[in-house]
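Structure first, then comments.
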Amino acid sequence: MRERLLLIINNEKKINFLIYGFGQSFNLLSPLIISPFIVAMCREEGLGKVGFGFAMALFLILIVDYAFDVKGTKQVSENRNDNATLSSILSVAIFTKLTLFFIALSFSLLAIFFIPFLYQEKNLYLLSLTIVFAQVFNPIWFFQGLEKFKILSLLNIFSKTTYVLLVFNFIRSSDDYILTNFFLGISSLFFNLLGILLLNKNFDIKINIPAFKAVSAIIKNDFTFCISQLFLSARQLSPLVLTGYFLGFTYAGQYKIIEQIITLFRTYIQVFLKFFYPSLCYQVVSNKFSAFIYWKKYTLYNFSLVFLSLVFIFLFSEKILLFFHLNPSSITAILPVFKMSLLISLLMSFSLPLEQFVLVLGKNRKYIATTVFVTVLNILLLLFFINYYQLYAVIISMIVSEILFISLYFNGSFKNLKKVT
């Protein structure tokens, strides 16, 4: 009987993984579908501007998210059978995010209207703020904690499909690039709100106005962790932002194409790890040894798949760049840099799983210190060398960052992993 029960659980896990993977594949595919279309319609410069606006939105999203996608998922997973607590977690999260959105909005408006570099593309950046507002109501982290992957996947599929359809139907000239991020924002907002309604209707998770003390306590208690997330975001977004500022939007567009592959693998690895994250959190509470073995197994599977995929991309690099509608001179210029950038994705298959286990073990101080140190060093390397070595400087600084992450997480936390075993 026990063996049969374990077999049912394992089969359900595999089915959930397939459903989750299929849904999240739309996160991976939609940028690859959109980017060549934007280059064809709005040239590399247009893609660079869209990427710059998206980078700004992603930075603000980390302020709004306030690490709910990490710590909130863990709380939901640990309280999955207590509806009253779950309702409280969701209510506090939404109102905390709403408070933080208005703070982020105020600073954004000041920056857009008083910094000449940003003011030149003010319409693009203002429309990009819809992506940030949509994040206030994003229930994906909550569904992940509940391990309701079917609903999560359907919401994501419909959201990204709507976004792609809007772009293909309404972007018709070189000036229409300003609508790209807006379409992503409004499609995300609609389906995020639908997800909140489903939580209320199907799971009896109610949204109530929380006491202000609860919101202020979250902001106060998680401030240092959120700062670390902002530094992490700065490290991820600074290459595109600094490329656009120092080298121009055409170079930014070229880097954006290279970044599509890096983002593809980063998103895939994060999605892969997030699927196992609730179960890992749950197992750590009851049996740290089995949790560690569980982590090692899926980390090895993940690395193997990433390695094989990168070998394929390396062998067909030129054809992949042709897919993005680049002209021959641009392909010749960025092909060596593109091949070098594949090492970043390989290194992430080590650094991101190590980061996950550091967080699961509650080593937040180690995580924060590592993130801040590596981010500062990464930005300094870019500032010193980007004018001299252009895109090579960007890629090398990112490789150095990933090596540092692996080294610091390993040396600072692997002793703890050994203690677990």
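The values are calculated or read from the model by the stated rules, or taken from the named source; none is laboratory data. Just so we're clear, the structure is a prediction, and the values are computed from it rather than from any experiment. Note that we place each Cβ from the backbone using ideal geometry, even for glycine, and neighbour counts take in every protein chain shown. For accessibility, only protein heavy atoms count, side chains too; no ligands or nucleic acids. Shrake-Rupley method; radii C 1.70, N 1.55, O 1.52, S 1.80 Å.
Summary of values
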{"item": "Helical contribution to [θ] at 222 nm, DSSP H n ≥ 4, -39,500 (n - 2.57), averaged over the chain, rounded to 500", "result": "-31000 deg cm²/dmol"}
{"item": "Estimated distance in nm for a label pair at Phe107 and Phe170, the labels positioned 7 Å out from Cα along Cα-to-Cβ", "result": "2.9"}
{"item": "Surface share of carbon and sulfur [accessible, 1.4 angstrom probe, percent] for region 250-293", "result": "61"}
{"item": "Accessible surface, 1.4 Å probe, highest first, among residues Lys206, Lys201, Lys49", "result": "Lys201, Lys206, Lys49"}
{"item": "Set Lys97/Lys274; Lys274/Lys366; Lys122/Lys213; Lys296/Lys319; Lys49/Lys366; Lys74/Lys297 screened for pairs whose C-alpha atoms are more than 28 Å apart", "result": "Lys122/Lys213; Lys296/Lys319; Lys49/Lys366"}
{"item": "Region 319-366, accessible area per residue, ligands and nucleic acids excluded (1.4 Å, Å²)", "result": "43"}
{"item": "Cα-based shape type of region 31-90, given that a ≥ b ≥ c are square roots of the gyration tensor eigenvalues and the cut on a/c is 1.5", "result": "prolate"}
{"item": "Karplus 3J(HN,Hα) series, Hz, for region 282-290 with 6.51 cos²θ - 1.76 cosθ + 1.60 (x for Gly, Pro)", "result": "5, 6, 4, 5, 8, 8, 5, 5, 5"}
{"item": "Percent accessible area from carbon and sulfur atoms, region 108-185, protein chains only, probe 1.4 Å", "result": "68"}
